[in-house]
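Read the structure below first, then the notes.
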Amino acid sequence: MAAKRLKTVLFAEVSGRDEFVRAAGPIMGWNGISDCVERLQRTARSSGGRVVKVIGSELMMLFDSPDAAAGAAFRMHAAVNALPSVSGTRLSVKVGYHAGPVIEGNDDLLGDTVKLVAALLRQAQAGQTMTTHQTAQLLDNQSRSYSGQVCAAVPLAGGASRERPRAAGGANRDRPRTAGGANRERLRAQRMLRLSYGSESAICGVDNESVVVGRDPMCQLVTATAFASRRHCTVLLGPDGLKIRDHSSNGTFLTNEGGEEIELLSGQEAPLATHGWVSLGCSRMFAIRLLEFTGH
């Protein structure tokens, strides 16, 4: 893994997709969204940025400085606003960026800076750019003057809010293990769970004893988010009930209803209650979208 470098991470997401598709029709609507994503990529590159990856309508980008990211965000909004409306409906974009240490992997970015930017994007409204007060202080006067830019109060890396219960640790991570803690004592799902992620859903039960979740189109439940691995985790039915197993790069974060969040890593397993949430690749507080499960 490469060393950490001080960079500015920017996330952008196309907003208003569902309304736009309903107004324009499926073919014209999705073509319009694809055109919007292409414009965002071109704008990032022409502003000196690198497009790390694109998943659906979500883009992860890297810039050398906060000023470069701020200028790119401003131009992204302008580029999307220039697109024609359809029956009075138009697309928009929301953006989040923050400067900090980043680990550059193979076609990916890792570290607390990336998780912080995900939290910013989650708070942003359509047409907004969100950054932190710390990053805003690094901007020059021109960058600070860009319209639509908002400073958000989010927990910084290293703060107390990052402390969270983790799954059973130890050096031996070469076999599946069950996470302990309060989640184990909750009413456990024994027969069936319905998994929902946005408009996608799947059933795990006696007729389908395992559901693989991830970015790969071959997964039973496809999750189009930059933090998910191609095959991120598996929900499976065992002799003692339903459970989840992590096999991701960034971890699987489980919250059974009424319990605390636990982090699963490197093959760790945990029982699933009759209702709860899973965040892929980052803590629930940083997630843009959650996988929800419910059953009996």
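With N residues in the chain, what two-decimal value do you get for its Cα radius of gyration over 2.2 N^0.38 Å?
In units of the globular-protein estimate, the chain measures up at 1.05.
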Original post:
Zone of Gln190 (label point 7 Å along Cα→Cβ, backbone N under 15 Å): which residues in region 217-244?
Top reply: 238-243
**OP:** Would you mind computing, in nm to one decimal, how far apart the modelled labels at Glu260 and Ala82 are, each placed 7 Å from Cα along Cα→Cβ?
**Re:** 5.2
Original post:
Using the Karplus equation 6.51 cos²θ - 1.76 cosθ + 1.60 (θ = phi - 60°), what ³J(HN,Hα) coupling, rounded to whole Hz, does each residue of region 232-238 give in order, writing x for Gly and Pro?
Top reply: 7, 7, 10, 9, 9, 9, x
Original post:
Given Leu120, Ile244, Ala72, which one lies farthest toward the positive end of the charge dipole of the chain, if we put +1 on the Cβ of every Lys and Arg and -1 on the Cβ of every Asp and Glu?
Top reply: Ala72
**OP:** Just need the relative contact order of the chain here, percent rounded to a whole number, with Cα pairs under 8 Å and 6+ apart.
**Re:** 16
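Subtracting the Cα-Cα distance from 0.36 nm times the residue separation, let me have the gained length for Glu38 to His296 in nm, one decimal.
Working: separation 258, 0.36 × 258 = 92.88 nm, distance 4.36 nm.
My answer for the length gained is 88.5 nm.
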**OP:** For Gln123 and Asp107, calculate 0.36 nm times their separation in residues minus their Cα-Cα distance, and state this gained length in nm to one decimal.
**Re:** 3.2 nm
Subject >> region 179-296, relative contact order [Cα under 8 Å, separation at least 6], % >> reply: 28
Original post:
If you line up the Cα atoms of region 181-296 on their principal axes, what length do they span on each, largest first, in Å?
Top reply: 32, 30, 25
**OP:** With just the Cα atoms of region 17-108, tell me how far they stretch along each of the three principal axes, in Å, largest first.
**Re:** 43, 25, 18
**OP:** Can you pull the one-decimal nm distance between simple spin-label points at His133 and Glu209, each 7 Å off the Cα toward Cβ?
**Re:** 5.5
Original post:
What is the distance, in nm, between label points placed 7 Å from the Cα along the Cα-to-Cβ direction at Ala224 and at Trp277?
Top reply: 2.2
Original post:
Against the longest alpha carbon principal axis of the chain, how many degrees, from 0 to 90 and to the nearest 10, is the axis of helix 66-81 turned?
Top reply: 80
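Report the gain in length on full extension from Asn31 to Lys53: 0.36 nm times residue separation, minus Cα-Cα distance, nm rounded to one decimal. Each step should come with its number before you reach the end.
On the way: separation 22, 0.36 × 22 = 7.92 nm, distance 1.93 nm.
Answer, rounded to one decimal: 6.0 nm.
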**OP:** Kindly provide the GluC sites (Glu not before Pro) of region 247-296 that DSSP labels as loop, not H, G, I, E or B, and whose Cβ sees at most 16 other Cβ atoms within 10 Å.
**Re:** Glu257, Glu260
Original post:
For region 1-53 and region 62-95, what is the separation of their Cα centres, given in Å?
Top reply: 9
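A short reminder: the numbers here are calculations on the coordinates, not readings from a lab. As the structure is a computational prediction, the values presented were derived from the model and not from experiment. Every residue, glycine as well, gets a Cβ built from its backbone with ideal geometry; the counts of neighbours run over all protein chains shown.
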